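Trainee: Sharing a structure below in structure tokens format, with a few things to ask.
The values are calculated or read from the model by the stated rules, or taken from the named source; none is laboratory data. As the structure is a prediction and not an experimental result, all values here were calculated from the model. In this analysis, Cβ positions are derived from the backbone assuming ideal geometry, glycine residues included, and neighbour counts consider all displayed protein chains.
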4 protein chains.
Amino acid sequence: MTTVTVDSLNHFLGEAFPQTRCRVESLDTMSATIRHPIGPAELRPGGTVSGPTLMAAADLALYAAVLGEIGLQPLAVTTNLNIHFLRKPAADRDIIARCELLKCGRTLAIGNVLLYSEGMEAPVAQASGTYAIPPKR
Amino acid sequence: MTTVTVDSLNHFLGEAFPQTRCRVESLDTMSATIRHPIGPAELRPGGTVSGPTLMAAADLALYAAVLGEIGLQPLAVTTNLNIHFLRKPAADRDIIARCELLKCGRTLAIGNVLLYSEGMEAPVAQASGTYAIPPKR
Amino acid sequence: MTTVTVDSLNHFLGEAFPQTRCRVESLDTMSATIRHPIGPAELRPGGTVSGPTLMAAADLALYAAVLGEIGLQPLAVTTNLNIHFLRKPAADRDIIARCELLKCGRTLAIGNVLLYSEGMEAPVAQASGTYAIPPKR
Amino acid sequence: MTTVTVDSLNHFLGEAFPQTRCRVESLDTMSATIRHPIGPAELRPGGTVSGPTLMAAADLALYAAVLGEIGLQPLAVTTNLNIHFLRKPAADRDIIARCELLKCGRTLAIGNVLLYSEGMEAPVAQASGTYAIPPKR
């Protein structure tokens with residue numbers, strides 16, 4: 001049982017990923033929701049959110065859900081990430097990524113992520129990935 | 001048979017991805033190599049390249065290899081990308097991503113990408129992905 | 001809107017995959033649930049279901065959900081499948097695989113699959129994959 | 001440094017996967033090649049090799065390459081597998097799967113697999129996957 005809160009996690013992520021513009025919105029048992037603000041830096045010509053922006057949001061949602069379970073351990077690292085791009089995201093809406101952990105074991109955590117243009121019903125992308133959890137000393 | 005050159009492709013990518021700092025280094029039959037410059041914006045505390053930077057480099061290498069085959073079509077889009085993170089990249093070396101297309105069909109192209117910290121022998125990541133190619137009018 | 005029923009789909013699958021022991025259990029909008037009976041042929045020493053058995057069940061659940069949407073088209077083919085193995089399945093329970101389609105477009109369908117040992121709450125595996133849908137004549 | 005030979009590995013796999021018809025053909029540093037015989041049980045109507053047959057071959061090639069590095073440890077398990085289906089395999093040729101390990105660490109091994117219809121130049125599928133290696137006692 002950890003005592004990670006949305007505030008403590010946002011503070012931690014701000015130090016671990018100083019460039020990120022993402023914020024954790026909510027944390028629950030085995031799940032987390034994050035928001036990736038969308039501005040000119042995240043858009044491609046034609047008015048859509050870039051693929052790497054969605055990948056970054058998926059990775060961060062997974063990381064947030066893992067840290068919510070294991071505590072604020074800086075050494076957890078992604079070992080793989082798989083993403084399916086489903087629909088063109090809206091250019092003028094933030095990306096909301098919600099991760100559900102399917103397993104949070106002693107050494108590996110695996111989660112499923114759905115990504116949305118805020119307020120839209122159909123997901124813009126689906127991702128799944130694995131985090132390696134460092135052994136406790 | 002297309003007439004895409006490294007220069008024409010870099011010009012095209014600069015317009016399609018105005019934020020990217022990547023450059024195509026070489027193009028060959030069914031393959032492409034790109035360079036992602038690494039600076040403070042791509043690093044995490046502790047001195048390693050961020051996962052989203054590697055994902056962006058993998059996606060661009062795949063896109064470059066596809067455009068080298070089909071010509072400069074803005075409408076080709078990634079449908080999926082899978083990445084395995086293998087080793088901690090060096091903080092002071094550019095990322096070099098080399099894509100080999102395994103198939104470039106009428107509607108789908110699939111490729112394999114190896115990513116390196118420049119000058120290192122062991123890859124830092126491996127990716128594979130699919131691009132959907134728009135039908136010719 | 002198609003008129004595919006559980007019975008017509010099971011009849012179709014029995015002809016398309018004569019070796020399969022899987023049966024479709026239910027079909028709904030953008031989703032399908034299948035059962036893979038587990039017997040000696042699906043087990044490994046130590047008493048667990050083999051990985052290829054889970055992969056086959058995931059693929060079939062995805063196929064069933066796609067056919068439920070597009071009709072009984074023999075030419076839809078898997079283009080990729082990604083699977084995470086989460087927990088050791090029970091040796092004496094069937095595998096139940098439930099697919100939710102995330103998108104069923106004109107040319108590609110993408111779905112998410114959760115696999116369970118029947119009656120257990122925690123999934124034994126998660127898969128996602130893409131089917132290519134042949135163009136209508 | 002292990003002393004795994006093709007013969008000792010085939011003997012081990014015959015006990016670990018009594019149903020498999022696959023055989024290891026060759027083992028080298030960080031790589032292995034296996035053969036999956038193709039007969040009526042592996043075919044679908046229309047004369048192509050089933051997807052699950054290719055997935056099983058990819059998984060076994062990865063397992064063989066891992067065991068060649070770490071020795072004949074029965075407890076190594078697949079944690080994920082991603083496969084891209086590229087071309088229709090020939091119905092009358094065995095499947096040859098060649099795995100190159102990209103990393104064989106203390107706890108995780110990751111490899112890339114190319115699958116061929118024997119004697120054909122273009123691969124029929126590409127896979128990548130992760131094995132979890134049990135800690136030494």
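Trainee: Pull up the range B:1-15, narrow it to residues that are touching a residue at least 12 places away in the same chain (Cβ under 8 Å) and part of a helix (DSSP H, G or I), then point me to the one that is farthest from A:Val49 (Cα to Cα).
Mentor: It comes out as B:Val6.
Trainee: Further question on the same structure: Counting only residues that are surrounded by fewer than 17 Cβ atoms within 10 Å (Cβ to Cβ) and either in contact with a Pro (Cβ under 8 Å, 6 or more places away or on another chain) or at the interface with another protein chain (Cβ under 9 Å from one of its Cβ atoms) (or both), how many does the range D:107-134 have?
Mentor: 2
Trainee: Hey, any hits in the range C:120-132 for a residue that's in contact with a strand residue (DSSP E or B) (Cβ under 6 Å, 6 or more places away or on another chain) and not in a strand (DSSP E or B)?
Mentor: yes
Trainee: Using the structure shown, decide if C:Pro18 is in a loop (DSSP other than H, G, I, E, B) and within 13 Å of another protein chain (Cβ to nearest Cβ).
Mentor: Against the criterion (in a loop (DSSP other than H, G, I, E, B) and within 13 Å of another protein chain (Cβ to nearest Cβ)), C:Pro18 qualifies.
Trainee: Same structure again: Within the range C:16-42, track down each residue that is touching a residue at least 60 places away in the same chain (Cβ under 8 Å) and of a type in the set (Val, Ile, Thr).
Mentor: C:Thr33, C:Ile34
Trainee: Within the range C:11-55, work out how many residues are modelled with pLDDT of 95 or more and among the aliphatic types (A, V, I, L, M).
Mentor: Here the count works out to 8.
Trainee: Any residue that is within 13 Å of chain D (Cβ to nearest Cβ) and either within 21 Å of B:Thr79 (Cα to Cα) or modelled with pLDDT under 95 (or both) - is there at least one of those in the range C:62-70?
Mentor: yes
Trainee: How about the range B:56-77: which of its residues are of a type outside the set (Gly, Ala, Ser) and surrounded by fewer than 24 Cβ atoms within 10 Å (Cβ to Cβ)?
Mentor: B:Glu69, B:Ile70, B:Leu72, B:Gln73, B:Pro74, B:Leu75, B:Val77 - these are the residues of the range B:56-77 that are of a type outside the set (Gly, Ala, Ser) and surrounded by fewer than 24 Cβ atoms within 10 Å (Cβ to Cβ).
Trainee: In the range B:37-54, which residues are at the interface with chain A (Cβ under 8 Å from one of its Cβ atoms) and touching a Pro at 6+ places or on another chain (Cβ under 6 Å)?
Mentor: B:Pro52
Trainee: Which one is farthest from D:Lys103 (Cα to Cα) among residues in the range D:64-79 that are in contact (Cβ under 8 Å) with a residue 60 or more places away in the chain and aliphatic (A, V, I, L, M)?
Mentor: So the residue we want is D:Leu72.
Trainee: Name the pairs: first residue in the range C:43-63 and without any contact (Cβ under 8 Å) to a residue 24 or more places away in the chain and under 15 Å from C:Arg87 (Cβ atoms), second residue among the charged types (D, E, K, R) and assigned to a helix (DSSP H, G or I), Cβ to Cβ under 8 Å, at least 6 apart or on different chains?
Mentor: C:Ser50/C:Glu42
Trainee: Testing B:Lys103 on (1) more than 9 Å from chain D (Cβ to nearest Cβ); (2) at pLDDT 95 or above; (3) surrounded by fewer than 24 Cβ atoms within 10 Å (Cβ to Cβ); (4) closer than 19 Å to D:Arg87 by Cα, one condition comes back false. Which one is that?
Mentor: So the condition that B:Lys103 fails would be (1).
Trainee: Considering only residues that are more than 14 Å from chain C (Cβ to nearest Cβ), within 10 Å of the chain's Cα centre (by Cα) and aliphatic (A, V, I, L, M), which ones fall in the range D:21-36?
Mentor: D:Val24, D:Ala32
Trainee: Here's a follow-up. Looking at the range C:70-85, which of its residues are within 14 Å of the chain's Cα centre (by Cα) and over 19 Å from B:Leu108 (Cα atoms)?
Mentor: Scanning the range C:70-85 gives a single hit, C:Ile83.
Trainee: Tally time: how many residues in the range A:21-55 are surrounded by fewer than 18 Cβ atoms within 10 Å (Cβ to Cβ) and assigned to a loop (DSSP other than H, G, I, E, B)?
Mentor: Adding up the residues that qualify gives 8.
Trainee: Same structure, new question: May I ask you to say which residue of D:Ala90, D:Ala122 is at pLDDT 95 or above and in contact with a Lys or Arg (Cβ under 9 Å, 6 or more places away or on another chain)?
Mentor: D:Ala122
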